[in-house]
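The values are calculated or read from the model by the stated rules, or taken from the named source; none is laboratory data. What you see is a predicted model, and the numbers here were worked out from it, not measured in a lab. Cβ atoms come from the backbone with ideal geometry, glycine included; neighbour counts cover every protein chain shown. Areas reflect the complete protein model, heavy atoms only, side chains present, ligands, DNA and RNA absent. Shrake-Rupley method; radii C 1.70, N 1.55, O 1.52, S 1.80 Å.
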Amino acid sequence: QVQLVESGGGLVQPGGSLRLSCAASVSIFAIYSMAWDRQAPGKQREEVAFISSGGSTKYADSVVGRFTISRDKGQNMVYLQMNGLKPEDTAVYYCKIPALEAWGQGTQVTVSS
């Protein structure tokens with residue numbers, strides 16, 4: 001069974017930064033693309049960042065230039081570096097493996113002064 005565990009969320013002021021981490025239990029993690037979704041209160045879940053097994057990345061328009069997704073295959077980890085945070089980035093952030101339709105439990109990010 002796939003397990004994904006996110007960490008690194010919290011409360012940050014506008015303009016601040018956070019780095020989210022996701023630990024994956026999948027032994028063949030390296031072959032899968034990974035992504036980060038987020039869901040804000042009253043809104044649909046949206047994908048904000050994606051990284052392929054080969055390292056190609058893509059981002060939602062709302063986070064381009066501010067968020068960076070990366071992965072460490074040796075450690076079965078994926079990261080989301082978030083800079084220039086805005087109040088509208090407030091959401092629960094989920095790590096996922098799209099091909100397996102697997103998500104973690106989520107980590108709360110709150111951007112507020």
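Do we have any residue at all in the stretch 30-40 that's touching a strand residue (DSSP E or B) at 6+ places or on another chain (Cβ under 8 Å) and over 21 Å from A99 (Cα atoms)? For the stretch 30-40, residues touching a strand residue (DSSP E or B) at 6+ places or on another chain (Cβ under 8 Å) and over 21 Å from A99 (Cα atoms): present.
Of all residues in the stretch 96-113, how many are open to solvent by 40 Å² or more (accessible area, probe 1.4 Å) and either among the β-branched types (V, I, T) or more than 23 Å from V2 (Cα to Cα) (or both)? Residues in the stretch 96-113 being open to solvent by 40 Å² or more (accessible area, probe 1.4 Å) and either among the β-branched types (V, I, T) or more than 23 Å from V2 (Cα to Cα) (or both): 3 in total.
Looking at the stretch 1-95, the strands (runs of 3 or more DSSP E) lying wholly inside it that each contain 2 or more residues that are buried (at least 17 other Cβ atoms within 10 Å of the Cβ) sit at 4-7, 18-24, 34-39, 46-51, 67-72, 77-82. Cβ-Cβ distances below 8 Å connect the following pairs, each with a first residue in the stretch 52-66 that is under 23 Å from Y32 (Cα atoms), a second residue that is assigned to a loop (DSSP other than H, G, I, E, B), and a separation of six or more residues or different chains: S52/S33; S53/Y32; S53/S33.
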